[in-house]
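What follows is a single structure, written as structure tokens, with notes after it.
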Amino acid sequence: MSRILGLVLAGVLAVGVVVAIVASLSGTFAPRQVVRVQGVIGSEKQPFFQDPAVQAVFQRNGLDVRVDTAGSREMATSVDLSRYDFAFPAGAPAALKIKTDHKAKATYEPFYTPMAIATFRPIAQLLVANHIATDEGGHYSFDVQAYLALVKKNARWTDLAGNTAYPAGKSVLLTSTDYRTSNSAAMYLSIASYVANGGNVVTDDATARRVTPLVAPLFLRQGFAASSTEEPFQDYLSIGIGKTPMVVVYEAQFLALQASHDRALTSDMVLMYPTPTVLSKHTLVPLKPNGDRVGRLLQTDPDLQRLAARYGFHTADPGTFNAYLKAQGVAAPPQLVNVIEPPAYDQLETMITGVEQLAKDGGTP
Amino acid sequence: MSRLLATLLAGLLGAAVACSTGGTTAGTSGTTLNVLAGSELKDIEPLLPDLQRATGYQLKLTYVGSLDGAERIVNGDHSQLAWFSSAKYLSLLPGGAERIAAQEKIMLSPVVMGVKHSVAARFGWTNNPNVTWSDIAARARAGELHFGMTNPAASNSGFVALVGVAEAFAKTGAALDAGTIDPGPLKDFFSGQALTAGSSGFLATAYVQSQDTLDGMINYESILLSLDQGSQLREKLDLVYPKDGIATADYPLLLLDRSQRDAFDKVTAWLRRPEIQTRIMQSTNRRPALPEVKPDSRFPSQVLVELPFPGSLDVVNRLIAVYLDQARPPAHAIFVLDTSGSMQGSRLDSLKRALLNLTGGDTTITGQFARFRQREEITIILFNSSVYQTRDFTVNDTSSSSPDLAAIRSYVNTFQAGGGTAIYDAVYAAYQVAGRAMATQPNRLYSIVLMTDGENNVGRDSSRFLADYHRLPENARAVRTFAVLFGEASPAQLQQVADTTGGTVFDGRTASLSQVFKDISGYQ
């Protein structure tokens, strides 16, 4: 009996395989040959690439895009890129490094997002009362210079005046990702080094070395940090104020949840923008011809641009982004004026290895 | 009809494709994914049939300790997935972060202290959000609080608690660095430790057995809540969440085999579905990781300040070493070793190797933590037809040139096989050794390891042993015997000794004696 069933099933399976092969050959399901394209991307873009609507646009254009995730600096240094058709880090410095190393002809910047800080309203108000943040109506701006002064004296939350909101004995620190691997931490380092350098982008190695000990405590005092930006943001959402009272995020991560009216976001959760801030320009570096097709599509396909807006990314055409947010009943994010450029890859590298060395030499300076 | 057929075909085709992907074995009803997992995830097993129905993937969990698991992953374990209470230690190990192709948090449980209700009430700790680790240390130092905690070198809950306590005492507000580890207050705190264990689950079982002589234990909130909901406790435990900070286990599911990305995405998507998150919360008492599923009323609503985790392996390893060598109550390990005739040859060689590894021969990470530690007393009882030799050693110097370790090594190298197997006489002798030692050194943590490769064939029989055991003084009777099955030993005889004394049985037939002795060190 079971043997008969087995035979029947085997037969059915064989028919199924034939049907599938015939179907794909005759083009019933796909207009033309679909090629598989393998990319390595920053983890923050993974939900976008996994979206069936995004996959459908790629499929329509003959591409089956599969992605692995890695930190931006890992992509520029340790990841074996020969396996991939494109690399898509979250920041320009790593992308330019990859472009140079792999002699890529072009890069694509289909979308960008400013760096922001996700926090909780009581924390933001406490910072306002202590002149570290200002209430801009709808969002807050975060004074990086005032913050660096707090970190310099290793202020605890309990040291802040009038603090009943968060009487924790731990240091006042932004939670970031691992400075050694992740783009959002490199963007945070870009901001901090600009401020520590008296309001100038670090453009040479001597300055980078001088600034390093000033910014190192921002990272070393945190101890263990995650390698992907999604992780501390998830901690912010699920564990909350006890673990991550303030976390460095991409504005897009927050906006995407707002626009989809995600229940994870409570009314207490608010955004602060560091002053100054930097834009994280998601930059695709094609490594093989099929990777180039992905980059071009992302930049030019109106559907993909619209879908990118769903994930909170500012698109090449600002109209697409603003129209989407408006349709979702979400206020447009502020027009940021105090935006700086990140240092070049080599100077970032000097600072990162410098912080690493300080960590090895016995921790917090 | 034709639609039904199409669905059926699509399903079968999908199964065929899934079965053909690399590194997995096709089961009768889906694809098996091997998962290296922490032992406390046994409580997830009831969910797995539903997961398989929904995703087509059968998770096959192999249980190991967290540190052991991290080491195996770095050394290239072939499991497709791993699932431990934390991935932080693994991420810090050289080559560890690279092994994690993806990770997704599944559930949360803070490590906290459960204190007997009457004791907590006496200290004013019941529902008191202001208790600190220093308050707990003060009660421990005063001899008013005796608690259990797992060995931080073997189990994550003990490790996380150690980090929390050390950080709270360092009072820097920042992550611990090597210079801020202060052994003084750690000694105060751990002077109250009266029970150790190699896993959080065993700790809970051991606590239940010894609950009359203990005041509480440090463990996962989930385990403490489950005990409180059950009927094994004579007195409920009040949960204390120290104000200066706690650490939360976040149970990330880890993808090790990149080719299983699709499987990983499907499995994590299912585990993070709101209704599954709710089910996990209800059946395991762990908090949901999905932010839209809010923790229900079984969890207190107070804000739990999370302590930072050290950022370097060096700091972590130094902290564990400070715990083992200075802070914890020192161990007195009694080894009862069978040198009967059947041990002749390779068996005796494996026994010698296992002991030599504990004196420094094993240079792996887990091997280094499993070594004999400073201040440790070791008694080796050799038996065949009778107990014929008992030798005591004290380890003060643990350096590679240590004369203390050299003495143990040269003694081990004299072992010779011959004669019969007087198991019960030998174990009883170990209890007499423990009883005598306790009279002068009551604050050590005592344990007995019984290794035999045969059945008892001379001397006391089991009923005489049990009668004699039950006449021992209470403190000696509380010493657990960890029995190692080897060769032709009787599982039933060893299980009885382990069950009677609150110990457990380790299988030296399927794992090497070296591995078993290393695992047992987590319980000593």
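Test A:LYS281 against the criterion of being in contact with a helix residue (DSSP H, G or I) (Cβ under 8 Å, 6 or more places away or on another chain), more than 9 Å from every other protein chain (Cβ to nearest Cβ) and among the basic types (Lys, Arg), and give yes or no.
It is true that A:LYS281 is in contact with a helix residue (DSSP H, G or I) (Cβ under 8 Å, 6 or more places away or on another chain), more than 9 Å from every other protein chain (Cβ to nearest Cβ) and among the basic types (Lys, Arg).
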- Query: Say we look at the range B:122-143 and pick out the residues that are more than 23 Å from B:VAL163 (Cα to Cα) and either within 25 Å of the chain's Cα centre (by Cα) or of a type outside the set (Gly, Ala, Ser) (or both); which of these is surrounded by the most Cβ atoms within 10 Å (Cβ to Cβ)?
  - Reply: B:PHE123
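Answer yes or no as to whether A:LEU348 is more than 14 Å from chain B (Cβ to nearest Cβ), surrounded by 12 or more Cβ atoms within 10 Å (Cβ to Cβ) and part of a helix (DSSP H, G or I).
Working: more than 14 Å from chain B (Cβ to nearest Cβ): yes; surrounded by 12 or more Cβ atoms within 10 Å (Cβ to Cβ): yes; part of a helix (DSSP H, G or I): yes.
Criteria met by A:LEU348.
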- Item | Number of positions in the range B:434-470 that are hydrophobic (A, V, I, L, M, F, W, C) and more than 28 Å from B:ASP188 (Cβ to Cβ) | 8
- Might you let me know whether the range B:317-326 holds any residue that is within 14 Å of chain A (Cβ to nearest Cβ), surrounded by fewer than 19 Cβ atoms within 10 Å (Cβ to Cβ) and within 23 Å of A:GLY242 (Cα to Cα)? no
- Query: Residues of the range A:32-64 being free of Cβ contacts under 8 Å to residues at least 24 places away in the same chain and not polar (S, T, N, Q), which ones?
  - Reply: A:PHE49, A:PRO52, A:ALA56
- Looking at (1) away from chain A (no Cβ under 11 Å); (2) within 30 Å of B:LEU36 (Cβ to Cβ); (3) of a type outside the set (A, V, I, L, M, F, W, C), which is the one condition that is false for B:SER118? (2)
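Taking the range A:297-306 only, how many residues are over 19 Å from the mean Cα position of the chain (by Cα), charged (D, E, K, R) and buried (at least 16 other Cβ atoms within 10 Å of the Cβ)? Explain how you work it out, then say what you get.
Initial filter on the range A:297-306 (over 19 Å from the mean Cα position of the chain (by Cα)): A:297, A:300-303.
Checking the rest, the ones that are also charged (D, E, K, R) come to A:301, A:303.
Narrowing the set further to residues that are buried (at least 16 other Cβ atoms within 10 Å of the Cβ) leaves A:301.
Final tally of qualifying residues: 1.
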- Filter result (more than 24 Å from the chain's Cα centre (by Cα) and within 12 Å of chain A (Cβ to nearest Cβ)) within the range B:170-187: B:ALA170, B:LYS171, B:THR172, B:GLY173, B:ALA174, B:ALA175, B:ASP177, B:ALA178, B:GLY179, B:THR180
- Message: Could you check the range B:33-67 and list, in sequence order, the residues that are crowded, with 23+ Cβ neighbours inside 10 Å and in a helix (DSSP H, G or I)?
- Response: B:GLU40, B:SER66, B:LEU67
- Task: Among residues belonging to the range B:188-204 that are under 20 Å from the mean Cα position of the chain (by Cα) and free of Cβ contacts under 8 Å to residues at least 60 places away in the same chain, point out the one that is surrounded by the most Cβ atoms within 10 Å (Cβ to Cβ).
- Result: B:LEU203
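Is it the case that A:LEU220 is touching a Leu at 6+ places or on another chain (Cβ under 7 Å) and among the hydrophobic types (A, V, I, L, M, F, W, C)? Break it down into steps so the answer makes sense when it comes.
Working: touching a Leu at 6+ places or on another chain (Cβ under 7 Å): yes; among the hydrophobic types (A, V, I, L, M, F, W, C): yes.
Yes; evaluated as a whole, the condition is true for this residue.
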- Task: Report the residue count in the range B:228-238 for those that are surrounded by 22 or more Cβ atoms within 10 Å (Cβ to Cβ) and within 22 Å of the chain's Cα centre (by Cα).
- Result: 1
- Query: Regarding B:ASP215, is this residue in contact with a Lys or Arg (Cβ under 6 Å, 6 or more places away or on another chain), under 30 Å from B:PHE169 (Cβ atoms) and within 14 Å of another protein chain (Cβ to nearest Cβ)?
  - Reply: no
- Given (1) over 15 Å from B:ASN317 (Cβ atoms); (2) away from every other protein chain (no Cβ under 14 Å), index of the condition B:ALA153 fails: (1)
- Going through the range A:233-244 in order, the residues found to be at the interface with chain B (Cβ under 9 Å from one of its Cβ atoms) and in a helix (DSSP H, G or I) are A:GLN234, A:ASP235, A:TYR236, A:LEU237, A:SER238, A:GLY240, A:ILE241, A:GLY242
- Message: Here is a check on your reading of the model: is B:ALA263 in the same structural domain as B:THR62 (by TED's automatic domain parsing) and closer than 22 Å to B:MET107 by Cβ?
- Response: yes
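Identify the residue in the range A:209-248 that is touching a Pro at 6+ places or on another chain (Cβ under 7 Å) and touching a residue at least 40 places away in the same chain (Cβ under 8 Å) and, among all such residues, is surrounded by the fewest Cβ atoms within 10 Å (Cβ to Cβ). Show your work before the answer.
Step one: of the range A:209-248, the residues touching a Pro at 6+ places or on another chain (Cβ under 7 Å) are A:213, A:216-217, A:222-224, A:226, A:237-238, A:244, A:247.
Subsequent filtering for residues that are touching a residue at least 40 places away in the same chain (Cβ under 8 Å) retains A:213, A:216-217, A:222, A:226, A:244, A:247.
On the way: A:PRO213: 13, A:ALA216: 23, A:PRO217: 21, A:GLN222: 23, A:ALA226: 24, A:THR244: 24, A:VAL247: 24.
Applying the filter and picking the extreme gives A:PRO213.
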- Query: Mind checking which residues of the range B:482-504 are within 23 Å of the chain's Cα centre (by Cα), touching a residue at least 60 places away in the same chain (Cβ under 8 Å) and outside any helix (DSSP H, G or I)?
  - Reply: B:PHE486, B:GLY502, B:THR504
- Out of (1) closer than 22 Å to B:ILE320 by Cα; (2) assigned to a helix (DSSP H, G or I); (3) touching a residue at least 40 places away in the same chain (Cβ under 8 Å), the odd one out for B:GLY179 is which? (3)
- Task: Mind listing whichever residues of the range B:288-316 are facing another protein chain (nearest Cβ under 7 Å) and acidic (Asp, Glu)?
- Result: B:GLU292, B:GLU306
- In the range B:225-281, residues that are away from every other protein chain (no Cβ under 14 Å) and outside any helix (DSSP H, G or I) total 11
- Inter-residue pairs, beta-carbon under 9 Å, first free of Cβ contacts under 8 Å to residues at least 60 places away in the same chain and in the range A:77-97, second in a loop (DSSP other than H, G, I, E, B) and surrounded by 24 or more Cβ atoms within 10 Å (Cβ to Cβ), 6+ apart: A:SER78/A:ALA70; A:VAL79/A:ALA70; A:VAL79/A:GLY71
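Listed here are the residues, each with its yes/no results for (1) more than 14 Å from every other protein chain (Cβ to nearest Cβ); (2) crowded, with 24+ Cβ neighbours inside 10 Å; (3) aromatic (Phe, Trp, Tyr); (4) over 24 Å from A:GLU349 (Cβ atoms).
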residue: A:ASP68; (1), (2), (3), (4): no, no, no, no
residue: A:GLY71; (1), (2), (3), (4): no, yes, no, no
residue: A:SER78; (1), (2), (3), (4): no, no, no, no
residue: A:PHE86; (1), (2), (3), (4): yes, yes, yes, no
residue: A:GLY91; (1), (2), (3), (4): yes, yes, no, no
residue: A:LEU96; (1), (2), (3), (4): yes, no, no, no
residue: A:ASP101; (1), (2), (3), (4): yes, no, no, no
residue: A:THR107; (1), (2), (3), (4): yes, no, no, no
residue: A:TYR112; (1), (2), (3), (4): yes, no, yes, no
- Task: For the range B:68-112, enumerate the residues that are within 13 Å of chain A (Cβ to nearest Cβ), within 22 Å of B:ALA263 (Cα to Cα) and in a strand (DSSP E or B).
- Result: B:ALA102, B:GLN103, B:GLU104, B:LYS105, B:MET107
- Out of the range B:388-419, which residues are over 15 Å from B:ILE378 (Cα atoms) and surrounded by fewer than 17 Cβ atoms within 10 Å (Cβ to Cβ)? B:TYR388, B:SER399, B:SER400, B:SER401, B:ASN413, B:THR414, B:GLN416, B:GLY418
- Subset of the range B:428-448, residues in contact with a helix residue (DSSP H, G or I) (Cβ under 6 Å, 6 or more places away or on another chain) and not small (Gly, Ala, Ser), comes to B:TYR428, B:TYR431, B:MET438, B:TYR446, B:ILE448
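The values are calculated or read from the model by the stated rules, or taken from the named source; none is laboratory data. Since the model is a prediction, treat every value here as computed from it, not as a measurement. So basically every Cβ, Gly included, is an ideal-geometry build from the backbone, and we count neighbours across all protein chains shown.
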